[in-house]
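Colleague: Before anything else, here's the structure in question.
The values are calculated or read from the model by the stated rules, or taken from the named source; none is laboratory data. As the structure is a prediction and not an experimental result, all values here were calculated from the model. Glycine also receives a Cβ, built like all others from the backbone with ideal geometry; neighbour counts cover every protein chain displayed. Surface areas here come from the heavy atoms of the whole protein model, side chains and all, with no ligands, DNA or RNA. Shrake-Rupley method; radii C 1.70, N 1.55, O 1.52, S 1.80 Å.
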Amino acid sequence: QVQLVESGGGLVQTGGSLRLSCAASGGTISSYTMGWFRQAPGKERELVGGISWRTDTTYYVDVVKGRFTISRDNAKNTVDLQMNSLKPEDTAVYYCAARHSIIIRSSEYNYWGQGTQVTVSS
């Protein structure tokens, strides 16, 4: 069973950048489609983007497209989320997740991390 641990969250000013990392153990990250989700206070968890198994195709929700980049480092067994031009509305707990499918756009992921807080101040 894969265990996922996120890191890299914190407090940043509007327009700043953060890089989140998701480290996997108990499994090889290259064997999964990896997603990044976020949940803001009072809101439902939403898919931010992901990178698919085998093809490494990426997907991003429109509100982060051009600002966020997902990359996979198979040697380190990690998946990163580079976030640039951050906005206050990006404030949320960010989760990485893994699933046994090539499809990114789903809420049905098999394994989840514990989340890391990202706060963007105005």
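Colleague: Any residue in region 65-84 that is under 18 Å from residue 11 (Cβ atoms), loosely packed, with under 13 Cβ neighbours inside 10 Å, out of contact with any helix residue (DSSP H, G or I) (no Cβ under 9 Å at 6 or more places or on another chain) and of a type outside the set (Gly, Ala, Ser)?
Modeller: Checked region 65-84: no residue is under 18 Å from residue 11 (Cβ atoms), loosely packed, with under 13 Cβ neighbours inside 10 Å, out of contact with any helix residue (DSSP H, G or I) (no Cβ under 9 Å at 6 or more places or on another chain) and of a type outside the set (Gly, Ala, Ser).
Colleague: Does residue 19 satisfy being open to solvent by 20 Å² or more (accessible area, probe 1.4 Å), assigned to a strand (DSSP E or B) and modelled with pLDDT of 95 or more?
Modeller: Working: open to solvent by 20 Å² or more (accessible area, probe 1.4 Å): yes; assigned to a strand (DSSP E or B): yes; modelled with pLDDT of 95 or more: yes.
For residue 19, the condition - open to solvent by 20 Å² or more (accessible area, probe 1.4 Å), assigned to a strand (DSSP E or B) and modelled with pLDDT of 95 or more - is met.
Colleague: While we're on this one: May I ask you to list the residues in region 64-86 that are within 13 Å of residue 38 (Cβ to Cβ) and in contact (Cβ under 8 Å) with a residue 40 or more places away in the chain?
Modeller: Once the filter is applied, which keeps residues that are within 13 Å of residue 38 (Cβ to Cβ) and in contact (Cβ under 8 Å) with a residue 40 or more places away in the chain, region 64-86 yields 81, 83, 86.
Colleague: Say whether the condition of being closer than 20 Å to residue 12 by Cβ, among the charged types (D, E, K, R), touching a residue at least 24 places away in the same chain (Cβ under 8 Å) and surrounded by 19 or more Cβ atoms within 10 Å (Cβ to Cβ) is met by at least one residue in region 87-97.
Modeller: Scanning region 87-97 turns up at least one residue that is closer than 20 Å to residue 12 by Cβ, among the charged types (D, E, K, R), touching a residue at least 24 places away in the same chain (Cβ under 8 Å) and surrounded by 19 or more Cβ atoms within 10 Å (Cβ to Cβ).
Colleague: Within region 104-120, which residues are touching a Ser or Thr at 6+ places or on another chain (Cβ under 7 Å) and either open to solvent by 40 Å² or more (accessible area, probe 1.4 Å) or assigned to a loop (DSSP other than H, G, I, E, B) (or both)?
Modeller: Filtering region 104-120 down to residues touching a Ser or Thr at 6+ places or on another chain (Cβ under 7 Å) leaves 104, 116, 118-120.
Scanning region 104-120 gives 104, 119.
Colleague: Another question, if that's okay. Is one or more of the residues making up region 45-58 at pLDDT 95 or above, in a loop (DSSP other than H, G, I, E, B) and not hydroxyl-bearing (Ser, Thr, Tyr)?
Modeller: yes
Colleague: Please enumerate the residues belonging to region 67-91 that are at negative phi and either of a type in the set (A, V, I, L, M, F, W, C) or touching a Gly at 6+ places or on another chain (Cβ under 7 Å) (or both).
Modeller: Looking only at region 67-91, we keep the residues that are at negative phi, and these are 67-76, 78-84, 86-91.
Residues satisfying the conditions are 68, 70, 75, 79, 81, 83, 86.
Colleague: Every residue in region 52-98 that is farther than 16 Å from residue 19 by Cα and of a type in the set (Val, Ile, Thr), please.
Modeller: Selection gives 55, 57, 58, 61, 63.
Colleague: Separate question: Of the numbered conditions (1) under 15 Å from residue 91 (Cα atoms); (2) open to solvent by 30 Å² or more (accessible area, probe 1.4 Å); (3) not in a loop (DSSP other than H, G, I, E, B), residue 30 fails exactly one; give the number of that condition.
Modeller: Going through the list (1) under 15 Å from residue 91 (Cα atoms); (2) open to solvent by 30 Å² or more (accessible area, probe 1.4 Å); (3) not in a loop (DSSP other than H, G, I, E, B), residue 30 breaks only (1).
Colleague: Could you figure out which of (1) open to solvent by 60 Å² or more (accessible area, probe 1.4 Å); (2) on the phi < 0 side of the Ramachandran plot isn't true of residue 54?
Modeller: Of everything listed in (1) open to solvent by 60 Å² or more (accessible area, probe 1.4 Å); (2) on the phi < 0 side of the Ramachandran plot, residue 54 misses just condition (2).
Colleague: Looking at residue 94 and the list (1) farther than 11 Å from residue 33 by Cα; (2) assigned to a loop (DSSP other than H, G, I, E, B); (3) in contact with an Asp or Glu (Cβ under 9 Å, 6 or more places away or on another chain), which single condition is not satisfied?
Modeller: Condition (2) is where residue 94 drops out.
Colleague: Which pairs do you get when a residue that is charged (D, E, K, R), found in region 29-52, comes within reach of a residue that is modelled with pLDDT under 95 and not in a strand (DSSP E or B), reach meaning Cβ atoms under 8 angstrom, with the pair 6+ apart or on two chains?
Modeller: 45/107
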